[in-house]
Amino acid sequence: MNPIDWPFRGPEAVHNGTLTFRELRRFNRAIYPAVWILRDTVLSPQQLARAAWLWSDRRGVVSGLCASALLGAKWIDAGERAEIIHSNRRPPAGLVVHSDTLAPGETTEVSGMPVDGGSESPYESLTRLMLVRAEFRGR
């Protein structure tokens with residue numbers, strides 16, 4: 001069995017012959033549709049960002065706290081939900097999708113993923129985080 005860089009897209013791993021369908025289901029678990037990780041794994045914010053990007057079929061832009069983690073922030077809690085800028089407005093549980101429009105130059109590439117380059121001020125980031133948490137709690 002070849003080593004897999006996880007999180008990974010399950011259908012691609014089965015199609016490439018890296019895993020059989022049985023191995024995929026037995027040793028891994030889906031965190032988003034078509035995105036899998038090893039069972040009993042706790043994802044870091046960087047890995048969560050990669051999972052969200054893979055869910056978007058590699059078309060989204062990582063944003064929010066996961067983007068901050070990819071850009072080097074050390075204080076991001078591992079329990080935060082991933083945020084991504086993408087056109088699909090029906091995200092799975094545990095993922096926040098924004099439909100923002102980014103101007104040229106507002107993104108940077110980190111580990112092969114487009115990342116929102118911090119176009120928001122810290123105040124705007126905090127305000128968005130508070131709104132997302134309030135929305136998550138149903139307020």
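Just so you know, all these numbers are worked out from the coordinates, no wet-lab data involved. A quick note: this is a predicted structure, and the numbers were derived from the prediction, not measured. Counting neighbours? That spans all protein chains shown, and the Cβs are built from the backbone with ideal geometry, glycine included.
Net charge near Val35: determine it from the other residues with C-beta under 13 Å of the C-beta of Val35, scoring Lys and Arg +1 and Asp and Glu -1. Spelling it out: positives minus negatives among the neighbours equals +1.
Label zone (Glu109, point 7 Å along Cα-to-C-beta; backbone nitrogen cut-off 20 Å) within region 73-98: 85-86. Taking other C-beta atoms within 10 Å as the exposure proxy, Asp57, Asp40, Asp116 rank Asp40, Asp57, Asp116 from fewest upward. Per the Debye formula on identical point scatterers at the alpha carbon atoms of region 12-124, with no solvent, log10 I(q)/I(0) at q = 0.11 Å⁻¹ is -0.37.
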